[in-house]
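Working notes for the structure below.
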Amino acid sequence: MAALRWGRGAADLSRALRSSGPPCNTAKEGILGGLWSPRRNSSASPCEQERRKDWGHVELLEVLEARVRQLQAESVSEVTVKRVEVAQVSADSGRAGGTLPPVKAKLRISGAWGRKLDQDQQMLQKQQKLLQEKLQAKGQFLVPEFKLRGKAKAKAKAKPTAMAMAKSPTKPMGTSTTASKAKPLATAAPKAKPAAMAELPLSEPQLVSEQLASEKGRTERLAEKPEEWDPFQLSVAPLNLSWSKPQGPLNLEQQARQQRFQAFFECCLATEQVTLAHHMLVRKHFSKSKHWWITQAMYNTVMLGWAREGSYKELLSVLRMMKYNGFTPDLLSYASILQCMGRVDQDVTIIQRCLEQMAQDGVQLEQLFYEETLSNEERAAMLRAVLKAKPDFRLPQPSPQVNTSPLLREVYSKDGPVSYPRLHLPLKTLQAMFQQQLSVELASIVHVESVEKTLSPTQETLEARKTLAALHTTWESELHSQLQKAKAHLAKVTSYGHPTLYPFLCTVPEDELVQMLLQFLHTMPAQGEPFVYVVHRLAMQTFQRHIVQQRRCRGQLLALEQRYMQYLQLLASDTQVAEPCLPRQHWETLGPPEPAPPQVWPLMELLSLGKLLLEILVQSVQLPPSLALPQSSSQPVPVLYHVYTFRGIRQIGFLRPHPAFIQLLDDAAEPLMIFEATDMPMLCPPLPWASSQSGGFLLSPTKLMRSVDGSLQHQNLLDSWPPTELHGALDTLTQLGNCAWRVNGRVLDLVLEIFRNKGCARLGVPPPASEAPRPPLEDLPPNASPHRKAELRQEVASCLKIAREMHGLRREALYRLSLAQHLRHQVFWLPHNMDFRGRSYPCPPHFNHLGSDLARALLEFAEGRPLGPHGLDWLKIHLINLTGVKKRESLRVRLAFANTVMDDILDSADQPMTGRKWWMEAEDPWQTLACCMEVAGAVRSPDPAAYVSHLPIHQDGSCNGLQHYAALGRDSVGAASVNLMASDKPQDVYSGVAAQVEVFRTQDAKQGLKVAQVLEGFISRKVVKQTVMTVVYGVTLYGGRLQIEKRLRELSDFPQVFVWEASRYLVRLVFKSLQEIFSSTRTIQHWLTESARLIAQAGSAVEWVTPLGIPIIQPYHRESKLVLRGGLQSITWNSSVDPTRKPNTMKQKNGFPPNFIHSLDSCHMMLTALHCYRKGLTFVSVHDCFWTHACDVPIMNQVCREQFIRLHSQPILEDLSAFLVRRFCSADRAELGTDTRQLLETLLSVPQKGDFDLQQVKSSTYFFS
C-alpha cells in the first residue's frame, strides 16, 4: 500500500509549529503570516534581518519589473521563466521558516531600465548564493519543488517548454499506485487533441513551510508502510493566515471571482481533469493575494474528484489544505472521504477512526445518504465503507414529511374521499412516449418543418442546396481546427495557474459544439441580433448540452428510466397503485433524490464562453468570393459581420449575416426549422417537482423559480428553505404540468390558410414584412427646408420600425404555427415553473396557453369529458363571454342570447371563411370560432349530455387584484364593486370609476375649469379601464397619464391639442375616485409602500413569506456593472441583482404592493388547483383565469370560492407584520436607532379592517365568471 501520511503525527506537527527561539510572528500568526505579514518583529536576529532584507529586494525587483512592463511593453523581446531556489530556515532554530516568493519572469529589456534591472538581478543572485552557503553550512536544506502530472506527462519530454525546462528533476508528488490512475488533462472532447494539455507539465508552487516539506519527505520515505487515518489530522488547529482579506461582505466582482473558480473546478471534474483542478487549487491556496478566494465548496469539489478516481492520498492532501485554510470538514467532505475509502477497500480501523471523527464534528452518518449532489453509485461506494466498519448499519428509510400549513391540511389529509385523475393513455403508450422524449433531449435539438408556403424545388433551388452542403463541410473542418487551436492555447495558459475557459470548452464534445454553431448560423434572422443576446444564447445552449452530457456520462439515464417506468404506474389509465397519492409523493417513494444538476455557470463565464464561441464562428465561417463579391478580389468574405447601431440614444453592437448568405438560404429554401429541446413541449409527462432543483424536463436543467440572469438570491433562498414548506408550490406546478394537450386541427387549418395568403392583422395573423408600408422614394430638392427633411427622416424611420415589428410578429407566428403543425397528431405536455412572486408559467416559450387569442384557440385538452346535464349551457355562456357583447348581463341573459344567435354560431362553424363570418366580430375571434365548432358538434349530437368535449372553459376573476385588496381590508363598498357580494348582474368596477370621475368632472366644469369642459362626453369605461386595472399593481401618476393619453388619442373627435392637459387631469380624478370607492385598498397600499421604503432605506431588500410558505425577496438593487473587454466588442452588463449593493428604494417601495398581491393571487390559484386535483378535475390557469372541462365548471367554481375564503380567513397582514418585525427589527427596542424605531412603529401599525363578511363570497355568482 502507498503511504498516506499527510499530517500523520500530532507530535511531529506540534514540534513543527513550536518555536524554540525568541517569539516571532510565526508562532503567533502562523507560518505564512510570518513571511508576508506587514507586521515586523523588532527582536529578530541579525541573520533574520539579513534574510528579510533579501526578501525586500525580491519584492522591489518585482515592482520594478511590473513598472518596466508598463512603460516599455512594446520593447519586450523575450520572456523566460526563471526559477530561483531559496533556502528555508528550520523552525527548530528559532526563526520563521518559509521560502522567498518565486520570481515570476526575467524580462530582457533594452535601454537604461534594462541595464539597471540586470544589475539588480546580478546583485540579488550573489546575495542569495551567500545566504544559501551560510544555511548549508548550518546543515539546513533547500525547499524542494513538487509537481502534479497525469498519464501523459511522459509525452511532455518530447517537446519541453520553457516552463518544463525550468522544473527541477525532483520526484513528482503523488507517485503511488492510486496516483498512477489519474486521468489525462483533457478527455472530454474526442477531437480536441487533449494531448495539447497533457504535453504542458503543470508546475506547482514551491512548498511554503518546512512542516509541509518535511511531511512530504516523510511521506515518500514511508511509502512501504500501510495507509492510516489520523484523527489528529482533522482536529489540528488551522493556520492563522495574516494575509490581506476583504472586510465585510463580498461585492459583485469578488463574488464573480469565487463563482468563476467554483465553476472551473466543477468543469474539471465533469471532464475528468481532477489533476488540473488540484493543480489550480494548490496554486491559489499558496497564493498571497488569492487564497481568500478559495471556499470550502472548492476544496470539497476537488476532494470529490479524487474520491471518484479512488485517489485516497491526493484526497487527504486536499483535506489538509482545507484545514490549514481554516475550514472544518462538513457533510460533503466526509461523503468524499468515505466514498474514496469504499473504492480503495480501506482498512476497517481507519474507517472506524474516520466515523468517530465525523461524529465529533457533529456530522450524522445518516445525513450523508440524503445528500442530493451524490449519485446512486457514489452512495453505494460510501455504503461499502460504512458496512465494513458497521456491519449492522442499514440505510435510513426517509420518513414522509408533510406540510403542516393549515391551508394545506385537507390537501395532504389521508381522511376523506380522494379521486386523483389519471391520464387517458395506457402504460405502454406512455412508456413509448418517454423513450421518444428522452431521444429528443439527448439530441438537444428538434427539426420542425416550416409552414411557410413552399413550391416544388427548381434546378436553382437544388444547386443552392448543393452549394450550401459543400460550404457546411468546409465550415465544419474549419470550426474543428479553430476549436482545437483555442483549446491548445487555453490549455497552455491554464498550465501556468490561470483559470481559463479550457475546461468549459471540454464539457461538450467537439462534434456537438460544431453542429451547435452551424445550427445557430441558420437560426439568425436576416436583420441580425444584438451581440450580447447572441453571446448569452450560445453560452446557455452550451451549458444545457453540458448538463445532458453529464447525466449521460455518469450513468443516470438507466436509473432515470427505471424510476420513471415505475412512476407511470400512478398515471397510466390501465394500472393501479396500492395507495392513491400525489405524483411528488409517489416519486419520493421510488428511491433517493436524484443528483442535483450543477448551478448555472457564473454570468461572466457564460459571457466569456459565448463570446469565444461566437468569435470562433465569425472567424471560421466564410463565403467564397464567387458568391459574395463577383467583381472583387479572391479574398473570402465572412458570413457574419459586426456593426454598431443606435437604439434610442444607446449604441449597441449587432451581429448580422451577410446578404449573400441570406440570399443563398432563400434560394435553397430549406424546409426545416431548428428548435432547442427545451423550447419544445414535452412528449411525455414531466418529472414531478420534488425539490427546488428537480423537476420538469427529463435531462435538461429547469429552474423552479425564474430569475434574472446572474441572480442567485432566489435559488439560494429556496435551497436553504425547509423542503416541506415548498410542497404546496411543488405539487401545484407538477399538477399543472401533468395536464395533457392536443392541437385543434380544424382551427389550425384555417389559420394556416390565412397565414400563407399574406395574413390578416385584424384576426391576429401577422402579414409578412413585404406588406409593410414603403418609405417615400421622392428625391428632395437641394433647397428643401430643414422641416421637410426632418419630416422625411421621420417617415422613413416610422416605416422601418413598422417593418421590423411586422417581421418579428411574423416570425413568432411562424414558430407557433410550425410547432402546432409538428404536434397536431400527438399528445404533449407543458412543464411549469414560477417567478419570484409564485406566479406559474409554462416553460416552452413559443407554443403554450399563455399566449394570444390565436395561441389559445390552437390548444385543447387531450382528454375529453362528456358534457353532462349542464355542460352545453356552460359552453354557450363561454362562447358569449368570448364575444364580449354581454359582459354586464346575467348568465341567464347570456345563455338566452346564445340561443338567439344559434344560426350565426352554426354558420360560423360550418362556413368560417365563406359564410356570414359572425365570429370575426368577437373580441377573441379564434377562440370564438373554436367554441362555435364545439357548440355545433354538441347540439347536433344525438345526446348532447354524452358529447365528449375537449374545449377548456374559462372562469375569469373580476379585477382580481382589487378583489384581494377588498378582502384584506374587509371593505364592504370595494367588495361590492368587484363582485365579492351576491348580485343579480355582474358589477363593473370600471364603469363605476368612470361614473365617479364624471361626477368630479361635472363639478369642476361648473366652476369654469377649461379642461373639464373640453372632456364633456369623452369620459367612458374604455378611457379609464387600463388605469383602474393597473393601479392595483403599482401604476404611478405618470404611467397612468400615458395610458389615458393613448386612449384619448384613439378618439378621432377629441381635440388633440388638449390631450396632454386632459390626460394629466383625468389620471388625478381616477386616483381620487379609487380613493373614494376603495378607501381600505389605498390605506393598505400606503402601508405596504411606506414599510418597503423604510426597509430599503435601512439597507435591506424586502422579504416575505406567502401564506403557502414560499419565500420571496425583491431583487431590486442599485445597478452595478460587469465589464468584459476585448475581442469583437467589449460587453458591459448592467446588473441590478447584486445583493451586496444597496437596495433600489424606489423600485422596492413601488414593487412591494403589486408583488405582494401577485403572491396572494398565486396562493389562491395553487389552493384551487390542489383541491380540484383531489376531486379529479383537469385544471390549468392563466394567473387569475381558471380553465377546466365544461362538465366540471360548477365544481371548480365552488372550490375557487371556498379557497378564497380560506385564504383570506388567515391573518395575512398580521402575519406579514410579525415576519417583517422579526426579520428587520429583531434587536431590543431600547437598542434600536431612530430609523429602526420608525420602521418598527410603521410595521406594527397594521391597517384596520372593515366589517365585510367573507362568507358572502360563496353566494357571489360573478366572483369568477
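Results, tabulated for the structure shown:
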item	result
Listed residue (1052, 1120, 1034) projecting farthest to the positive dipole end of segment 960-1259, Cβ model	1120
Heavy-atom SASA rank of 473, 1140 (probe 1.4 Å, accessible area, largest first)	473, 1140
Burial order of peptide ranges 1063-1071, 714-722 (average beta-carbon count within 10 Å, highest first)	1063-1071, 714-722
Approximate spin-label separation residue 460-residue 404, in nm, with each point projected 7 Å along Cα-to-Cβ	7.6 nm
Fully extended contour minus Cα-Cα distance, from residue 257 to residue 372, at 0.36 nm per residue	38.9 nm
Surface per residue (accessible, 1.4 Å probe) for segment 251-389, Å²	31 Å²
Members of 1022/1249; 1121/1142; 887/917 lying beyond 23 Å, as alpha-carbon distances in this model show	1022/1249
Rg(Cα) / (2.2 N^0.38 Å) computed for segment 1184-1265, rounded to two decimals	1.66
Label point distance in nm, residue 1258-residue 295, each placed 7 Å from Cα along Cα→Cβ	5.2 nm
Other-chain or far-sequence residues with amide H under 5 Å of residue 832's (modelled H)	737, 843
By average C-beta atoms within 10 angstrom, highest first, the peptides 286-295, 986-995, 1051-1060, 963-972	963-972, 986-995, 286-295, 1051-1060
Calculated from backbone phi, Karplus (6.51, -1.76, 1.60) coupling profile of segment 1137-1148 in Hz, x at Gly/Pro	10, 7, x, 7, 7, 5, x, 7, 4, 4, 5, 4
Where N is the number of residues in segment 960-1259, Cα Rg divided by 2.2 N^0.38 Å	1.16
Full-stretch length increase - residue 1010, residue 1221 - with 0.36 nm per residue and alpha-carbon distance subtracted	71.0 nm
Linear extension gain, residue 663 paired with residue 1058, 0.36 nm per residue minus alpha-carbon span	137.2 nm
Signed unit charges on C-beta, dipole axis of segment 960-1259, positive-most listed residue 1213, 1043, 1160	1043
Highest-first arrangement of 690-702, 762-774, 817-829, where packing means the average Cβ count within 10 Å	690-702, 817-829, 762-774
Debye, to nearest 20: dipole size of segment 960-1259, +1 on Lys, Arg Cβ, -1 on Asp, Glu Cβ	640 debye
Whole-Å distance, taken between Cα centres, linking segment 1042-1072 and segment 721-783	31 Å
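The values are calculated or read from the model by the stated rules, or taken from the named source; none is laboratory data. The structure presented is a predicted model; accordingly, all values stated were derived computationally and were not measured. All Cβ positions, glycine included, derive from the backbone under ideal geometry; neighbour counts span all protein chains shown. Protein only, heavy atoms only, side chains kept; ligands, DNA and RNA dropped before computing areas. Shrake-Rupley method; radii C 1.70, N 1.55, O 1.52, S 1.80 Å.
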